[in-house]
Amino acid sequence: MLYGQSPSWRLALRNSPRGGPRFYSTARTCSKSHPLSIRVLKPPDPSLRPRVSLPLKAPKFCLLSTSSSRWKDRGEDDPPEPIPVQEKSNNEATAEEGGTKQPAAGDAIQESKRAPSTTNLGPVSLASGNIDAKGGSEAGSGGEAGAGGGDSGKKGGRKVSIEKALQKPSVPEVYPQVMAIPIAKRPLFPGFYKAITIRDPNVSAAIQEMMKRGQPYVGAFLFKDETADKDVFDNIEDVHDVGVFAQITSAFPVHGEENSLTAVLYPHRRIKMSQLIPPNRTQEVTKETANTTVIDVDPPGGEVAKDTGGTEKKGDVVASFEENNTAQQEREISSYEPTSFLRKYAVSLVNVENLAEQRFDKKSPVIKAVTSEIVNVFKEVAALNPLFRDQITTFSMSQSAGNIMEEPGKLADFAAAVSAGEISELQDVLETMNLEERIGKALMVLKKELMNAQLQQKISKDVESKIQKRQREYWLMEQMKGIRRELGIESDGKDKLVEKFKEKADKLAMPEAIKKVFEEELNKLAHLEPAASEFNVTRNYLDWLTQIPWGQRSAENFGIKNAMTVLNEDHYGLKDVKDRILEFIAVGKLRGTVEGKILCFVGPPGVGKTSIGKSIARALNRQYYRFSVGGLTDVAEIKGHRRTYVGALPGRIIQALKKCQTENPLILIDEVDKIGRGHQGDPSSALLELLDPEQNNSFLDHYMDVPVDLSKVLFVCTANMTDTIPRPLLDRMEMIELSGYVADEKMAIAERYLAPAAKELSGLKNVDVALQKNAIEELIKSYCRESGVRNLKKQIEKVYRKSALKIIQDLGEDVLSEDKAMTKEGMVALEESKKDMTDVKETPSAIAKETTEVPRVGLNVPGSVHVNIGKENLKDYVGPPVFTSDRLYEKTPPGVAMGLAWTSMGGAALYVESILENALNASSRPGLERTGNLKNVMKESTVIAYSFAKSVMARMFPENKFFEKAKLHLHCPEGAVQKDGPSAGITMASSLLSLALDRALDPTIAMTGELTVTGKVLRIGGLREKTVAARRAGAKTIIFPSDNMSDWLELPENIKEGLEGHAASWYSDVFDLVFPNIDANQANKLWKAQLAKPEKEGEQAEDDD
């Protein structure tokens, strides 16, 4: 199509300012012999100022306007005028927007410079004419400039002198400095229009002023980065140095975008960039611009400006770039820098130089042969591609047969301009100034276009051969399949889906039962329509069925030394756990394989139960998967949902197999003692099948509905206590108890693991910050007395965080400034976030600009910094000590005994206190009050201890009537903590006897054991944790039941160090230890004075009798 005939061109020109000139495209001859002839528009008028065409007496052409139809009287050789940018009033803009019809997608020519395509090359390339040395045109037609849009003469526009109107406009041959506009996707070629969109307000304002000044010249350079989207550039390396010198023929605002322009460029010649003046230039850089061209401003023909000054309005610029050395010598030279006004805008200015085409021999056989081949390829492409046919036809009409062969350079540029080749290839054509090389490269680009057209035709023919009597919709679908098949990106259709499932199944060792189910479901899928609801259900089921690793196992490592190394690297102590893992590995080493086992680690928080599972997986070279069942109430999380439900999924075990892609992973089930129970079922009961070695070889998931072998899986469970685990489930697991750590173990863990990790986490890895050993001991003794090391880890991290803050405060912000930490992308994001004034609770619209992948980097602390943290200054980092003494009582009064208790947090010292509520006298009544948040079992223990204590006093000290008259109160401290269990029996009895005998117990004696009414001491649990608690509380003697002697002997020596253990079978053994060398006579005489009856009361009683 011809330039101006496209609806898109008409729309673009209709949206241009109403008062400005317009393009006119279709010309009708007035001759009778040619009722309709087509003319190609000349290149845009390169005039530096507007001019008004004089009406002719005998108009030769009938020009059709793009707005309302009207006749224009123009000369045959008058060039089109440049279109200045004019601001539209609101009323005009509204009227034009309301009356403009949106163009179709295929006719769009007014597109962004960021994504040009070949669709706009039709009108772009067809606007070319025969360009002379000045950039003028031999033939063309255009509109007339004026306030009336072509009717200025009728509406009384301004008058222009005949001399000024007859001036011949020209494009400056030398223009050493221009504003550079970067373009993307493809370069521009001389002689072919291009419409670009400018969104940078500075560039838009600069273009408007250029148009007003009559200097609409820019340099267009191609971005090296295809994804770049800017109107300016700061680095000369961002763009190719070879571009085009272009004239802005028209510019008009973009609808709906403020400060945006659509500009139409007409490239005149090739230029090369020599220097960049970036948009962020300073005033000094601008002043030091070296290559400024001085231009003489004179009226053409030597006329004086005052002759036309009366007829021109303010703002008109009359400039001539023609050299006139004689005139310059005869009169005073006025200097003028054409681009000086652009320096106030943040635009890219470049110094450029023209690239002259190398001389060539028109009679060269090589040039003639390549030119002929290009013409032949054009003919072949025109026969295959209708779009190219229109473009080539129009280009041929603008050239005579001789002109095409005589101007091979223009033919090469046209070939590159209309081809959709690689960007690098097109830029190479633009940069090549040797004509033989250029036409050769253009031929290569055109050949690729021919190959694409031939492939398109082949695909079309292949598809058409399959079409007989089918509907058009089916024909289109088959054509799409053919195209995708040639490109190798065939869509995921049903046939391909079936083939994909077959390929995946062939790689798996499915059992026969599973394979039969798979084939049935696959056959069902093949016969279902994709639109059916059952299709997606079957597809998802087959997807899961083929993602389970049937028969795929990871190669296990049964090296004993390797396992020891890995376990010791990650954990200190835990000898029982490590020995059990080594036993497991030894069996696998001898058998060559191991069946899945179910281990359960029970211990207080912070002792490494969860982390040991990951270490075991690493030692065995097994895949690791962890999920928690704490608070789980839905049995479907374990066994999956039925496929009939919408969004049904398999259970967590099947998901673990899919993720690990092996049949023998290590699956860690965390918090198994906190599993819940709801109306969706009992998950703990669902675990019975899962964790039973006799049943899990055919585990049945509700979703899969096929047996899955889990016998190769190593299950590891963790729990804080066993009381809440159902007995049948507990029976299926092998229990391994992890007790709390003593002080020396905590010290080793802190030095080896916790302190280095916390130091690196605080950014002090390479800084001289020393945490002394005595400081760690103080932390363990006065701040962290719990069984685990989690709280110790928090305190050590707090110490290093405080150290980091102190270092920054001492050095100051100048040494560790934010500018050094921020990356370049981070600085940009920070600047954007400063502009954001929205509330922090709302997500800003420009959040993408305010975020970046790596906003900042770490800073290096100078080597002169030294921080030493010892026991003396530890309080400056973690505050005052939490525990100020080892025991609750440094010296216990009568009635106080130290017992030992086991909790989910580990062992703890449990004191039992007994007091006498009222003064003893002969008339007082006995009683027992119990407090301390005691549960039922412990309440019964108090009753048993009270009864047994009375029996001891009656048997051993019959004259001591303390319990017959004493009203007692027994209390266990820490009333907020629930207490239960029978192991405090001997402690309560000792407390009551201590009060009755008025004798204080040794504060370093701790005891534990269940007591019967006959005085038998029974077995208790958690002796290890209780022993650790006794040592932590400063006890030196521990009394425990004789039945627990085996547990005592198994304790590590480091735990028993400093403790003297005594086993007791009867309470008499305990009595001898806590009340040594007691005087029976003195004990019998206690409380006699208080319990003696007064004499008067005694006589009154006799009288009453």
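The values are calculated or read from the model by the stated rules, or taken from the named source; none is laboratory data. Just so you know, these numbers come straight off a predicted model, no measurement behind them. Here the Cβ positions follow ideal geometry from the backbone for every residue, glycine too, while neighbour counts run over all protein chains shown. Note: accessible area is taken over every heavy atom of the protein model, side chains too, but ligands, DNA and RNA are not part of it. Shrake-Rupley method; radii C 1.70, N 1.55, O 1.52, S 1.80 Å.
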Do you know which residues across segment 338-384 are over 30 Å from ASN280 (Cα atoms) and open to solvent by less than 20 Å² (accessible area, probe 1.4 Å)? SER364, ILE367, THR371, ILE374, VAL377, PHE378, VAL381, ALA382
Residue among ASP1079, ASP1069 that is more than 60 Å from the chain's Cα centre (by Cα), among the acidic types (Asp, Glu) and modelled with pLDDT of 90 or more: ASP1069
Which is among the hydroxyl-bearing types (Ser, Thr, Tyr) and closer than 20 Å to LYS658 by Cα, of THR593, THR546? THR546
Would you check if there is a residue in segment 1091-1103 being within 30 Å of TYR741 (Cα to Cα) and either surrounded by 11 or more Cβ atoms within 10 Å (Cβ to Cβ) or modelled with pLDDT under 85 (or both)? no
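Take the residues in segment 509-540 that are hydrophobic (A, V, I, L, M, F, W, C), open to solvent by 30 Å² or more (accessible area, probe 1.4 Å) and touching a helix residue (DSSP H, G or I) at 6+ places or on another chain (Cβ under 7 Å); name whichever of them is nearest to THR644 (Cα to Cα).
Top of the filtered list is LEU528.
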Kindly list, by first and then second residue, each pair from a residue in segment 430-441 that is free of Cβ contacts under 8 Å to residues at least 60 places away in the same chain to a residue that is assigned to a loop (DSSP other than H, G, I, E, B), limited to pairs with Cβ atoms under 7 Å and residues at least 6 apart or on different chains. ARG438/THR432; LYS441/THR432
So, in segment 867-887, how many residues would count as being in a loop (DSSP other than H, G, I, E, B) and either in contact with a helix residue (DSSP H, G or I) (Cβ under 9 Å, 6 or more places away or on another chain) or surrounded by fewer than 14 Cβ atoms within 10 Å (Cβ to Cβ) (or both)? 13
Exactly one of ALA1006, ALA989 is in a strand (DSSP E or B) and either crowded, with 18+ Cβ neighbours inside 10 Å or in contact with a His (Cβ under 7 Å, 6 or more places away or on another chain) (or both), and that residue is ALA1006
So which residues in segment 857-891 are at pLDDT 90 or above and of a type in the set (Ser, Thr, Tyr)? TYR877
Matching residues in segment 267-293 - criterion: being modelled with pLDDT under 50 and in contact with a helix residue (DSSP H, G or I) (Cβ under 7 Å, 6 or more places away or on another chain): THR286
Of (1) surrounded by fewer than 16 Cβ atoms within 10 Å (Cβ to Cβ); (2) small (Gly, Ala, Ser); (3) over 28 Å from VAL937 (Cβ atoms); (4) within 60 Å of the chain's Cα centre (by Cα), SER1046 fails just (3)
Residue list for segment 736-761, filter: assigned to a helix (DSSP H, G or I) and open to solvent by less than 40 Å² (accessible area, probe 1.4 Å): GLU745, LYS746, MET747, ALA748, ILE749, ALA750, LEU754, ALA755, ALA758
Suppose the filter is surrounded by fewer than 16 Cβ atoms within 10 Å (Cβ to Cβ), at pLDDT below 85, of a type in the set (Ser, Thr, Tyr) and within 19 Å of the chain's Cα centre (by Cα); does SER833 pass it? yes
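So, restricting to helices (runs of 4 or more DSSP H) that lie completely within segment 584-699, which ones have at least 3 residues that are open to solvent by 50 Å² or more (accessible area, probe 1.4 Å) and in contact (Cβ under 8 Å) with a residue 40 or more places away in the chain?
609-620
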Scan segment 445-465 and give yes if some residue there is over 25 Å from ARG389 (Cα atoms), within 41 Å of the chain's Cα centre (by Cα), modelled with pLDDT of 80 or more and buried (at least 19 other Cβ atoms within 10 Å of the Cβ), otherwise no. no
Would it be correct to say that ALA206 is surrounded by 22 or more Cβ atoms within 10 Å (Cβ to Cβ), outside the structural domain of LEU426 (by the TED database), within 21 Å of ASP413 (Cα to Cα) and of a type in the set (Gly, Ala, Ser)? no
May I ask you to list the residues in segment 569-628 that are at pLDDT 90 or above and of a type in the set (Phe, Trp, Tyr)? PHE601, TYR624, TYR625, PHE627
Only one residue in SER864, SER914, SER845, SER923 is over 21 Å from LYS1026 (Cβ atoms), over 51 Å from the mean Cα position of the chain (by Cα) and open to solvent by 40 Å² or more (accessible area, probe 1.4 Å). Which one? SER923
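Looking at SER941, SER923, can you tell me which residue is part of a loop (DSSP other than H, G, I, E, B), among the hydroxyl-bearing types (Ser, Thr, Tyr) and in contact with an Asp or Glu (Cβ under 9 Å, 6 or more places away or on another chain)?
Exactly one of SER941, SER923 is part of a loop (DSSP other than H, G, I, E, B), among the hydroxyl-bearing types (Ser, Thr, Tyr) and in contact with an Asp or Glu (Cβ under 9 Å, 6 or more places away or on another chain), namely SER923.
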Output yes when any residue across segment 808-816 is assigned to a helix (DSSP H, G or I), modelled with pLDDT under 85 and under 30 Å from ALA848 (Cβ atoms), and no when none is. no
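Considering only residues that are in a helix (DSSP H, G or I) and open to solvent by less than 10 Å² (accessible area, probe 1.4 Å), which ones fall in segment 1029-1043?
Passing the criteria: ALA1029, ALA1030.
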Is there any pair with a first residue in segment 781-793 that is buried (at least 19 other Cβ atoms within 10 Å of the Cβ) and a second that is of a type in the set (Lys, Arg) whose Cβ atoms are under 8 Å apart and which are 6 or more apart or on different chains, and what are they? CYS784/LYS746; ARG785/ARG1032; VAL789/LYS746; LEU792/LYS746
The conditions are (1) assigned to a loop (DSSP other than H, G, I, E, B); (2) farther than 30 Å from ALA757 by Cβ, and ASN557 fails exactly one of them. Which is it? (2)
Any hit, segment 967-978, residues being buried (at least 22 other Cβ atoms within 10 Å of the Cβ), small (Gly, Ala, Ser) and either within 60 Å of the chain's Cα centre (by Cα) or under 20 Å from VAL896 (Cα atoms) (or both): no
Hey, could you check segment 768-800 for residues that are of a type in the set (Ser, Thr, Tyr) and not in a helix (DSSP H, G or I) and say which is nearest to ALA1029 (Cα to Cα)? SER787
Restricting the search to segment 1044-1059, which residues are part of a loop (DSSP other than H, G, I, E, B) and either modelled with pLDDT of 90 or more or of a type outside the set (A, V, I, L, M, F, W, C) (or both)? PRO1052, GLU1057, GLY1058, LEU1059
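Return the residue satisfying two criteria in turn: it lies in segment 700-728 and is acidic (Asp, Glu) and either in contact with a strand residue (DSSP E or B) (Cβ under 9 Å, 6 or more places away or on another chain) or touching a residue at least 60 places away in the same chain (Cβ under 8 Å) (or both), and of such residues it is least open to solvent (accessible area, probe 1.4 Å).
ASP701
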